[in-house]
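The values are calculated or read from the model by the stated rules, or taken from the named source; none is laboratory data. Note that the coordinates shown come from a computational prediction; the quantities given were computed from them, not determined experimentally. Cβ coordinates were reconstructed from backbone atoms using ideal geometry, including for glycine residues, and neighbour counts include every protein chain displayed. For accessibility, only protein heavy atoms count, side chains too; no ligands or nucleic acids. Shrake-Rupley method; radii C 1.70, N 1.55, O 1.52, S 1.80 Å.
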Amino acid sequence: AKALGKNQYHFFSDDMNSSVQNHFELENRLRRAIVDNELELYYQPKIDIVTGDTVGFEALLRWHSVEHGDISPSIFIPIAEKSGLIVSIGEWVIDKACEQAKQWLDSGFPAHISVNLSARQFLHTGKPNKLFELIEASLDRYQLPAEYLEVEITENLMMHHLNESFAILEKLKNIGVKIFIDDFGTGYSSLSYIKKFPIHALKIDKSFIDDLVNDENDAAIVTAIIAMAKQLKLEVVVEGVETEEQLAFFKDNDYEVVLQGYYFCAPLPANEIRYIYE
Ligand code: C2E
Ligand code: CA
Ligand code: CA
Ligand code: CA
C-alpha cells in the first residue's frame, strides 16, 4: 500500500476500515446471538425420487439479529468460522437438531436430520475428539437413536484435515451417524479418499444442477457422479432442484436419487414443517 499515492492509500484504507469494522460489529453481535436467542434452525426436506417419501431434513442455521435483521448464512458462517465462534455455534446446532429430532420422534414423526459441520469443529485444539464427544453427549441428553442424526461435511475437510477428521468420522459411523459429502464436485477430493472415508452419500452441488437442462457438460458430470456413486454403493442427494424440468432429467433417466430444493420445499421453521407433514 505504501507504494501507492497518498490519496489512493487513504481511499483503500478507509474502504478496508469500514468493512473490517462491519466485520467486527457482526462478530460481536454473533458472539451474543446464542444467549440472545437469535439463532434458529430451519429444516429443508430431502425427497426420495422413487417413493416420493421425505427421507430426512437438512438443518440450516438462521440468524435473526435484533440489531441488523435477518443475516444470510453466506455472510455470518464465514465470520463464525474465521473467529472460531463456529465451534460454540456448531455445538448449539448439533444440540438443537438432536432435541428437534427427538421431539418429532416422540410425537410420531420419525425424521432424520442432517447438520452441516465446519472444518474448525474437527480441529478443536488439544481435544481432537471433542466433536465426537459432544455429538454423543447430545444424543445421550435427548435419548435420540444415532440414526436420526446425520452430518454433512465438505470434500476439502477430508483432504486437508485427514487424520483428525478420519478418526472422528469413523467413530460417528460406528455409532450409526451417517456422513454426507456436501457440495460434491466443487472441492478437491480425490476419488481414493471417497473410497477410504466412511461416507454414506454424495450431495451433488447445486452449481451442476442450475443449468443441467441446457448444458450438456453439466448433464454429463451429474450422470457420471451418479454412475460412480452407484458403483461405490453410495447414495446421491441432488441439491438445488428448482424446476419441473430438472426433476424430469432424473425421472426420465431412472436415476434413483434423493432430491432437495425449492421445487419441493424451502427451508422452514420446525413448526411449519410439522404442520405440512401432519
Ligand atoms: P449448503 O450446506 O450447501 O446448504 C444449501 C443451501 O442452498 C442453503 O442455503 C439452502 O437454503 C439453499 N437452497 C436449498 N434449496 C435451494 C434451491 O432450490 N435453490 C436455491 N437457490 N437455494 C437452495 P443457506 O441456508 O443460505 O445456507 C448457506 C450455507 O451456509 C450452507 O450451504 C452451509 O454451507 C452454510 N450453513 C448453513 N447452516 C449451517 C450450520 O448450521 N453450520 C455450518 N457450519 N454451516 C451452515
Ligand atoms: Ca449442506
Ligand atoms: Ca450443499
Ligand atoms: Ca452449496
Accessible-area value, Val236, 1.4 Å probe, nucleic acids and ligands omitted, Å²: 10 Å²
Per-peptide average of other Cβ atoms within 10 Å, ordering 266-272, 153-159 highest first: 153-159, 266-272
Trp92, Trp104, reordered so the largest accessible area comes first (probe 1.4 Å): Trp92, Trp104
Most mobile listed residue (Asp205, Asp140, Asp183) in the chain, GNM with C-alpha springs under 10 Å: Asp140
Net charge of Cβ neighbours under 11 Å - reference Pro198; Lys, Arg +1; Asp, Glu -1: +4
Counting all C-alpha pairs of the chain, share separated by more than 26 Å (%): 49 percent
1.4 Å probe accessible area per residue over the chain, in Å²: 53 Å²
Heavy-atom accessible surface of segment 160-237: percent carbon and sulfur, 1.4 Å: 52 percent
Solvent-accessible surface ranking, highest first, for His160, His64 at 1.4 angstrom: His160, His64
Among Ile94, Pro267, Ala201 the positive-end extreme of the charge dipole of the chain (Cβ point charges): Ile94
Listed pairs Lys46/Lys102; Lys96/Lys196; Lys203/Lys233; Lys102/Lys233 exceeding 24 Å between Cα atoms: Lys96/Lys196; Lys102/Lys233
Accessible surface of Thr54 - all protein chains present, 1.4 Å probe, nearest 10 Å²: 50 Å²
Leading residue at positive end of dipole, segment 141-278 (Cβ point charges), from Ser165, Tyr255, Val213: Ser165
Of all DSSP beta bridges in the chain, antiparallel share, percent nearest 5: 45 percent
Surface accessible to a 1.4 Å probe, Glu81 within the full protein complex, Å²: 70 Å²
